Every structure is written in structure tokens, then in C-alpha cells.
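As C-alpha cells, the structure follows; a few thoughts come after it.
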Amino acid sequence: MQQTALITGATSGIGKATAQLFAKNNINLILCGRRIEKLQQLQQDLSQFTKVHILQFDVRYNEEVQNAINCLPSEFKHIDILINNAGNAHGLDSIQNGNIDDWDAMIDGNVKGLLYVSKAIIPQMVERNNGFIVNIGSIAGKDVYPNGNVYCASKFAVNALNKGMRIDLNQHNIRVSAIHPGLVETEFSDVRFKGDSERAKTVYQGYKALQPEDIADIIHFVVTRPYHVNIEDLIVYPTAQASATIVNKNA
């Protein structure tokens, strides 16, 4: 039977690349994001390959999440794969100089948003005794770096929630996996530096960063393993990166 995947943060970066790859592999899609024009364009582009439904909501607001998912049409209500990809980084300040609005945005999006969406989807997986959840973390959830403080804390929480989900859902035959990328060339740095595109570009200069398609390939590999196989925790770097703080920019 054709599977259905729900992908949050689907309008750009890893989410968009994953949607494109899933569509070409005949997986039905529920694409979620805040930017309706980008969602509509994706739906138009990918509907030639598979069935696509779009949901506009902000993962930070539980009522929006619940209302959107509760209103899914019947042919999309059976969700086999959940890709918790939505997240954000705001600012790169020391803890003493941190902006509280930035802190709230990261905790609300990266932690609470993941919880809200998971809470809306998990009960149907439990009822069916089947399902797959992939949580997109970050190397920041494994290794704290200077001025990363709250962003790192939010991704450490994703790492912990991934482990907690796996333990709690084990008895229900639900697979849970996390993928933790290093430096990926997406809109991430534009958001972190609040539209300072010149500063954002410097993050990816001097070496070949991971591309969204690289992570999409890995996500697709993970979710297409035989059901008895669960790749539970995976870290991926570009070759030029050795840790959260060591990058060979002459590579």
C-alpha cells in the first residue's frame, strides 16, 4: 500500500528536498509550513508524481497544529511517516547577551513544536501498532559550541525526546530515528543572522557544505529499511567538518 508522509518545515531546505525525493518515490505527501505561496508551488510541482496535500500552520502554536491535522481529508488521515523537520536558530549571542525573544522562538519551534506535531500524530500510530518518526536534530544537540547556548539546548532536547519516544513507543512497534546534520547550506544562517545575507554566506565559504539533498537521501534510506531495522541515531558531517567547532575552510 502506498505510504503517506507528513513533513514539517517543507517549504525550504531539508524539508523541501525530502518532499521532492519522497514524491519521486511514490510516497503521498502532507506538506506543512508557514509560507502558503511556497506550499502551493510545491504542491503544483510534486502533484505530477504523487498525491500532495498542504497544511499552513506554525508549529509553535498547538491550536494551529491540532486544527490543521484534525481537518485532513480522509485519504490523508492515515500517516505512516512523520518527519519532524521544522526548526530555527535565532542569533549567535553569548548567554549574558542573549535576546529573550530569540530564546522563546527557538524553544517554541524546536522543542514545543516537535512535541505538538508528534502529539497530534502518534495516537493513530499507536492504534495501528505501526509507524515511523524521524526527528531532524543537529550536531548542536551533541556538542555545544561558543554562543550556541540556547539553540544547542533546544537541540539537546530533541536528542532526548528522540530517545524518550523510542523507549515509550517500543511496545507499539513504532520506529523512531534521529538524524543530526553538521553544516548544511540552507536558509538556516539567513534566519540565524536575521536577513544579513553577507554574514550568512561566510558560514559556507572555503569548503563544500552538505546540501539539503544529501540529508534527504539519508532520510529516504532510513525510512525504506526493512521494518525490523531501525537506524536510531545518525550524525552526518561534510568531509571538511570534524566537530561542531572544527571546519577545514581550505578543503
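Numerical summary
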item: Computed label-point distance, nm, for sites residue 227 and residue 24 using a 7 Å Cα→Cβ extension; result: 2.8 nm
item: Accessible-area order (highest first, 1.4 angstrom probe) of the listed residues 151, 61; result: 61, 151
item: Part-to-part distance (alpha-carbon centres) for region 126-182 and region 61-103, which is given in Å; result: 14 Å
item: Computed label-point distance, nm, for sites residue 40 and residue 2 using a 7 Å Cα→Cβ extension; result: 2.4 nm
item: Entries in 24/142; 24/194; 38/208; 142/194; 16/201 that, when Cα-Cα distance is taken, lie over 22 Å; result: 24/142; 24/194; 38/208; 142/194
item: For the chain: relative contact order, % (alpha-carbon pairs under 8 angstrom, 6 or more apart); result: 19 percent
item: Residue-averaged 222 nm ellipticity for the chain, from DSSP H runs of 4+ at -39500 (n - 2.57), nearest 500; result: -12000 deg cm²/dmol
item: Protection-proxy order for peptides 233-246, 207-220, each taking the mean of Cβ atoms within 10 Å per residue, highest first; result: 207-220, 233-246
item: Net charge, residue 19 excluded, C-beta distance under 13 Å - Lys, Arg +1, Asp, Glu -1; result: +2
item: Residue 70-residue 94 pseudo-label distance in nm [points 7 Å out on the Cα-to-Cβ vector]; result: 4.7 nm
item: Sorted peptide list for 123-133, 84-94, criterion being average Cβ within 10 angstrom, highest first; result: 84-94, 123-133
item: Cα-centred dipole magnitude for the chain, charges only on beta-carbon of K, R (+1) and D, E (-1), debye, nearest 20; result: 400 debye
item: Solvent-accessible heavy-atom area per residue, rounded to whole Å², over the chain at 1.4 Å; result: 47 Å²
item: Label-reachable residues, region 195-229, where backbone N falls under 14 Å from a point 7 Å from residue 250's Cα toward its Cβ; result: 206-207
item: Placed amide H near residue 88: partners under 5 Å, 5+ positions off or other chain; result: 110
item: Full-extension gain in nm, residue 163 to residue 202, via 0.36 nm per residue minus C-alpha separation; result: 10.6 nm
item: Accessible area of the chain belonging to carbon and sulfur atoms, whole % at 1.4 Å probe; result: 50 percent
item: Of [x] 35; [y] 15; [z] 20, the label for percent of Cα pairs over 33 Å apart derived from the coordinates; result: [y]
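The values are calculated or read from the model by the stated rules, or taken from the named source; none is laboratory data. The shown structure was predicted, so the numbers you read here are calculated from the model rather than taken from an experiment. Don't worry about glycine lacking a Cβ; one is built from the backbone with ideal geometry, like all the others, and counts go over all protein chains shown. Accessible surface areas use protein heavy atoms only, side chains included; no ligands, DNA or RNA. Shrake-Rupley method; radii C 1.70, N 1.55, O 1.52, S 1.80 Å.
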